[in-house]
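Every read-out reported here was derived from the displayed coordinates using simple, explicitly stated rules and does not represent laboratory data. Just so we're clear, the structure is a prediction, and the values are computed from it rather than from any experiment. A quick note on method: Cβ atoms are made from the backbone with ideal geometry, for glycine too, and the neighbour counts reach across all protein chains shown.
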Amino acid sequence: MTEKFDAIVVGAGPAGNAAAYTLASAGLDVLQLERGETPGTKNVQGAILYSDALERIIPDFRNDAPLERHVIEQRMWVLDEDSFIGTSYRSDAFNSESPNRYTILRAPFDKWFSEKVRAAGALVICETTVTELLQENGRVVGVRTDREDGDIYADVVILADGVNSLLAKKAGFHGELDPKNVALAVKEIHFLSEEIIQSRFNIKGNEGVVIEIAGAVTHGMVGTAFLYTNRESITLGIGCLLSDFKKSGVAPYTLLEELKNHPAIIPLIEGGEMKEYAAHLIPEGGYKAVPRLYGEGWMIAGDSAGLVNAVHREGSNLAMTSGRLAAETVISLKGKGLPCTQANLGIYKAALDGSFVMKDLKKYRQLPEILHGNPHFFSVYPQLLNRAAHTMLTVDGEDKHSKEKTVRNSFVEHRSLFGLVGDAFRMWRATR
Amino acid sequence: MHIVVCIKQVPDSAQIRVHPVTNTIMRQGVPAIINPFDLAAIEEALQLKDRYGARVTVLTMGPPQAEAALRKAIAYGADDVVLLTDRAFAGADTLATSFALAQAIRKLGEEEAVDLVMTGKQTIDGDTAQVGPGIAKRLDLQLLTYVSEITDLDLSAGKITVQRRSEGGVQVIKTRLPALITMLESSNTIRFASMPNMFRAERQVVPQWNRDRAGIEDASKIGLKGSPTVVSKIFTPRPSSQRAKMVGADLDATGVANAVLDVLSSDHPRFAREIGLVTP
Amino acid sequence: MTDNSAAAPKPKGKKRLELDPKLAAYRGVWVFVEMERGQVHPVSWELLGEGRKLADVLEVELAALILGGDVGECDAAADQAFGYGANLAYTVADPVLADYRNQPYTRALTDLVNRYQPEILLLGATTLGRDLAGSVATTLLTGLTADCTELAIDPDNRGLLATRPTFGGSLLCTIQTLNYRPQMATVRPRVMAVPEAVSGRTGQIIQEKLQMVEEDIIAKVLEYIPDQNQEKAQLAYADIIVAGGRGMGRAENFQLLWGLARVLGAEVGGSRPVTHAGWLPAERQIGQSGKTVRPKLYIAAGISGAIQHRVGMESSDIIIAINNDPNAPIFDFATYGIVGDALQILPALTDAMRSRLSVSRRAG
Ligand SMILES: Cc1cc2nc3c(=O)[nH]c(=O)nc-3n(C[C@H](O)[C@H](O)[C@H](O)COP(=O)(O)OP(=O)(O)OC[C@H]3O[C@@H](n4cnc5c(N)ncnc54)[C@H](O)[C@@H]3O)c2cc1C
Ligand SMILES: Cc1cc2nc3c(=O)[nH]c(=O)nc-3n(C[C@H](O)[C@H](O)[C@H](O)COP(=O)(O)OP(=O)(O)OC[C@H]3O[C@@H](n4cnc5c(N)ncnc54)[C@H](O)[C@@H]3O)c2cc1C
Ligand SMILES: Nc1ncnc2c1ncn2[C@@H]1O[C@H](COP(=O)(O)O)[C@@H](O)[C@H]1O
């Protein structure tokens, strides 16, 4: 007895869930396969949820989704060895009826999402690894799983199996990941009471704070750190490019340990109990690293397609959006009675190009090279900025004019004036 | 042959933590699993099925969510499942639990006589190892606890031979069917479900039996009412008395070894004398 | 115990015991003395020590229950039981009881209880004790609390307060048996201390007959394969234990532990990952799902100190922990902590011990 479905979705992360949910809601016969014990079991880490992408799939998600805090304040810190300089933006407007960003814990969130997928009518099977794509005459016709009698057929397969998609690689849809295009991030969750979190971050109720951190903590490697407030815990993490980790030989966990012991961070997490440690890859190659997105009988969405905006640390919203668009592509073809050939699936790419997903990636397309070519963003600048602030804020009898000069000189000493201007120009161009 | 396997869904105690702030158990995000010992019982039943042919029915008593455990059992290869669930069962201790399970097994026997009941050695949450013996007594089944291996099964004669663990050795016991076996953990490993069984697990209807369906007339024997024991207090163990005295920082291995023997001899002279530890 | 799959049990609060007068007549503390092939399991003496305390609070007698195949063996066990604090002993000697079998043992014990009506009945939480206790409690339709770590008497109502770990030892709960008698409990070996035996103490032996003959009994013991001495670690009762965890890295590294154990005359044990990986036989696992130990000295090498391991060894008098992680939880409760590589510390410790143990010890 062979099983055949309208569509098979591989993976139950945000992309796979968005795809399976959309397909099932349209009444298609969908099978979703997930390797983990349950969707999200391995995803304990805290994360940011961007409302918009989810709203387009489940408009009333706020009714029952497990949300931690809505973000009302964003801080950006540049750390030196023992100091930091920073900015922050906080607005009461973020306390609206339908806030724009939330902190979430992936485990409960993924579970919730998966329940929605089931409720929509998809068949969700976990603890089952898809080992390869079944192809006939150059066309994907189904999947093979690691289980006995494990071949399953479908008109189309949507790959949403996450960063470093082995399936796509095996099928020859894309090549090896370039270590320059992936970051390795490590995170921890520290438990603290609600009251302590509220008082430490000066927030009430379910308000939340996000801190983006750059500087000395990355040992000059390309990368950043972050801190999110959850309801009863704090997520703290740091990530750098894999290629840099290889070069520097510094262990990711060492960075996290140093971060936790930085005087700027200690008072925020003090007294908390570390509960979870997780490490994960993030595709950061951007626009130029996006592989082929569709072919005969298949599409690829989310992290497996490298759809991550590293500059703004956005991923799940791109994943959900691409998953939804892939599903809508299938729905529209089915509606017209058309097969999922490569030619017909082209509308998926067109839809992505027309959405914020590709537009944003395109905008930052130069950024990876600039960062690779200018390591001082992550080493020299933090030091200079912090020293400048220190010099200006230290009242020691020296006049302010001389102080400014010292500051200017220290900048010029480390980086030629041309260099500085060049950096600024390139940054501006890259992010324009 | 009809085999009934009793399983329980339990929180994965490896992942349970006490909340650092409120000192309460954190169950959120703690996955529910099939009691690990019960997997050995399921696997043994399936092996008997492979060898002799059998119908394997898996039974659990628990809240509606316990359905997930039964679906897993179907995936492994169980033919039928029954979820015994009713508010009236809530708060049951082992006596009330074994009563309800025994009643349900009796009911199952009306469809097809039950030859063998299998349970795990014990659960990892209740950890009592009492439910199995309780069921056996109530149904007048031959009780075989801590079984590591079923060495012989003679269906026509209705006889079974097993090896069971005793404190100082292994007993080889032969007795009649119907019997109840509690399985040791290490006796086998659960099989990897086939894809068709995974589909069956998702699609098969899981029958829910309430008190009436299980044929339980006397409500005073189930749930809280039927439980002689009550939990009167729950508390966290006293926090560790004190942290270890750290010995030998900055010393090499030999230095550390001698340092620890030094403090051992000076803090615990009697013990040191007893074992003949002297200062060099 | 109460529903623990859906929610942590809610304490029901202390209930006033309005005991049925029929049940109030139940008097006395009983300890089941576990004999296998003429050997008394030491847990029985531990229980007599604990039972003595309960009996003293209740001002009742402490009785030992002895079932066996041979009158001489039973009487010898009774004499020992008196030494450990029993006032009287009920014995049932019958060839049918030579090997443990559930059916005749359950019958013998339930008959005794029905006849003499004790208020408390304690058994060891051994394979035999648990098999028997579950059957007896169900037959008598009374409450049974498993694996207790602490027993006490409620001063208000003479009830037994049985405390036991739950959720892998992260919590403790106290359980009461309300309107049922006897109140039954099992206790793990090595949780209670063995009392000092007083020689020359005597008591009354009451011999009872088994109301069954071999023909009534369906199960037959075809064979008994005793554990090889090699395999049967005397772990639970060792004075010194050297234990290794996953931090030992590989099976071969356990030679270091065996080496130290030889010098100390110690037993070797390990954590669950170690026995699961086959680095040590399963009988040597220490912890919640292994053995409880309480040696005078416990040396833990490469063991993190997870709660499930801790509950099995924390009553050791002295604990020396070797771990390369200064934040390992084991340092929260060990006596002495060494931060370092166990693979280097252990040989050094073995050498230091060897050279510092006096000659008499080395000869012995
Ligand atoms: C800390 C602790 C210590 C214990 N010690 C002992 C002991 O020493 N001796 C002893 O006899 N027992 C003891 N118990 C009880 C023992 O664990 C249980 O009786 C035993 O494990 C049986 O489990 P069960 O599956 O029936 O219980 P449960 O876990 O209770 O499972 C069945 C449950 O289904 C649940 N349920 C919830 N909602 C519904 C619904 N809508 N419909 C139906 N069912 C529902 C009920 O709560 C019912 O109890 C202890 C329990 C705890 C928590
Ligand atoms: C139901 C249940 C029952 C359980 N029962 C038991 C039980 O009975 N007994 C038991 O032990 N566990 C039991 N466990 C498992 C328990 O939760 C832990 O997983 C286990 O105790 C961990 O064993 P470990 O300390 O050896 O390994 P780990 O936790 O992996 O710790 C290894 C330690 O070694 C250290 N280390 C590494 N290398 C070195 C080195 N070179 N030198 C020195 N130190 C080093 C590490 O820092 C670490 O602290 C049970 C779990 C469950 C869920
Ligand atoms: N609620 C339950 N439903 C079905 N089987 C159970 C239940 N509770 C216990 N059992 C079975 O009885 C065995 C012993 O459980 P326990 O006495 O709780 O240690 C378990 O391994 C299960 O096989």
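Points worth noting:
- FRET efficiency, C:ASP341 to A:ASP82 (Cβ-Cβ, R0 22 Å, nearest 0.05): 0.10
- D by Stokes-Einstein for the protein assembly as shown, Kirkwood Rh over Cα pairs, 10 °C, 1.306 mPa s: 48 µm²/s.
- With a 10 Å cut-off around each Cβ of B:120-126, the average count of Cβ atoms from other chains is 4.
- Value of [θ]222 nm, deg cm²/dmol, for chain B, DSSP H segments ≥ 4, -39500 (n - 2.57) each, nearest 500: -9500 deg cm²/dmol
- Theoretical ellipticity at 222 nm over chain A - DSSP helices of four or more residues, -39500 (n - 2.57) apiece, nearest 500: -11000 deg cm²/dmol
- Gaussian network model of chain C, Cα within-10 Å springs - most flexible of C:MET248, C:MET35, C:MET212: C:MET212
- The lysines whose alpha-carbon is closer than 23 Å to the alpha-carbon of A:LYS362, local same-chain residues fewer than 8 away aside, are A:LYS180, A:LYS288, A:LYS349.
- Shown is the FRET efficiency for C:ASP216 and C:ASP317, computed with R0 = 60 Å from the Cβ-Cβ distance and rounded to the nearest 0.05: 0.80.
- Principal axis extents of the Cα atoms in region C:158-307, from largest to smallest and rounded to whole angstrom, are 55, 41, 40.
- With the simple model of a label 7 Å out from the Cα in the direction of the Cβ, A:LYS362 to A:LYS405 spans 5.1 nm.
- Considering chain B, its Cα convex hull presents a mean projected area of 21.8 nm².
- Isotropically averaged projected area of region B:49-91, using the convex hull of Cα atoms (one quarter of hull area), nm²: 3.3
- Each peptide among B:151-158, A:54-61 gets the average number of other Cβ atoms lying within 10 Å of its residues, and from highest to lowest they stand as A:54-61, B:151-158.
- If R0 is 45 Å, the Cβ-Cβ spacing of B:GLU202 and C:GLU59 corresponds to a FRET efficiency of close to 0.10.
- Shielding score for C:216-224, defined as the mean number of other chain Cβ atoms within 10 Å: 6
- Debye-sum result for region A:122-172 in log10 I(q)/I(0), which assumes one identical scatterer on each alpha carbon, at q = 0.16, 0.18, 0.21 Å⁻¹: -0.46, -0.58, -0.80
- Remark on B:LEU143: its backbone amide H falls under 5 Å from those of B:LEU180, a criterion applied only to residues 5 or more positions apart or on other chains, H modelled at 1.01 Å from N.
- Across region C:151-163, rounded Karplus estimates of 3J(HN,Hα) from the backbone phi angles (6.51 cos²θ - 1.76 cosθ + 1.60, θ = phi - 60°) give 10, 8, 10, 6, x, 6, 9, 6, x, 7, 9, 9, 9 Hz, Gly and Pro being marked x.
- The phi-based Karplus calculation (6.51 cos²θ - 1.76 cosθ + 1.60; θ = phi - 60°) puts the 3J(HN,Hα) values of region C:331-342 at 6, 6, 9, 6, 7, 10, x, 10, 8, x, 7, 4 Hz, whole numbers, x for Gly and Pro.
- Estimated at 0.36 nm per residue, the fully extended path between A:MET274 and A:VAL395 surpasses their Cα-Cα distance by 39.6 nm.
- The distance from the alpha carbon centre of region A:209-244 to that of region A:168-188 is 20 Å, rounded to a whole number.
- Of all DSSP-defined beta bridges confined to the protein assembly as shown, some 50% are antiparallel rather than parallel.
- Divide the volume of the convex hull around the Cα atoms of chain A by the residue count and you get 154 Å³ per residue.
- Spherically averaged projected area in nm², based on the convex hull that wraps the Cα atoms of region C:157-204: 5.9
- For the segment C:328-337, counting C-beta atoms of other chains within 10 Å of every residue's C-beta and taking the mean gives 5.
- Built amide H within the under 5 Å cut-off of A:LEU134, gap 5+: A:VAL141, A:GLY142, A:VAL143, A:ARG144
- Hydrodynamic radius of region B:97-240 by the Kirkwood approach over all distinct alpha-carbon pairs: 17.9 Å.
- Mean-position separation - Cα centroids, region A:316-391 and region B:148-182, in angstrom: 64
- GNM flexibility winner over chain A from A:LEU236, A:LEU256, A:LEU393 (Cα, springs under 10 Å): A:LEU393
- With the helix formula -39500 (n - 2.57) applied to DSSP H stretches of n ≥ 4, chain C reaches a computed 222 nm mean residue ellipticity of -8500 deg cm²/dmol.
- Ranked by how many other beta carbons lie within 10 Å on average, peptides C:174-186, C:121-133, A:298-310 from highest: A:298-310, C:121-133, C:174-186
- As a rough guide to protection, the peptides A:335-347, C:284-296 ranked by mean Cβ packing within 10 Å, highest first, stand as C:284-296, A:335-347.
- Taking amide hydrogens as placed 1.01 Å from N in the peptide plane, the amide H of B:VAL170 sits under 5 Å from those of C:ILE225, C:ASP227, each at least 5 positions away in sequence or on another chain.
- The slack in the chain from A:GLU257 to A:SER98, taken as 0.36 nm per residue of separation less the alpha-carbon distance, amounts to 53.6 nm.
- Of the Cα atoms belonging to chain C, the radius of gyration and Dmax stand at 22.4, 68 Å.
- Between region A:72-138 and region B:188-233, the alpha-carbon center distance in angstrom: 36
- Extending 7 Å from the Cα toward the beta-carbon at both B:LYS245 and C:ALA24 defines two label points whose distance is 5.5 nm.
- Comparing C:VAL113, C:VAL242, C:VAL221 in a Gaussian network model of chain C (Cα springs below 10 Å), the most mobile by mean-square fluctuation is C:VAL221.
- Phi-derived couplings, Karplus 6.51 cos²θ - 1.76 cosθ + 1.60 at θ = phi - 60°, listed residue by residue for region C:168-179: x, x, 6, 9, 10, 9, 10, 10, 10, 9, 7, 8 Hz, with x used for Gly and Pro.
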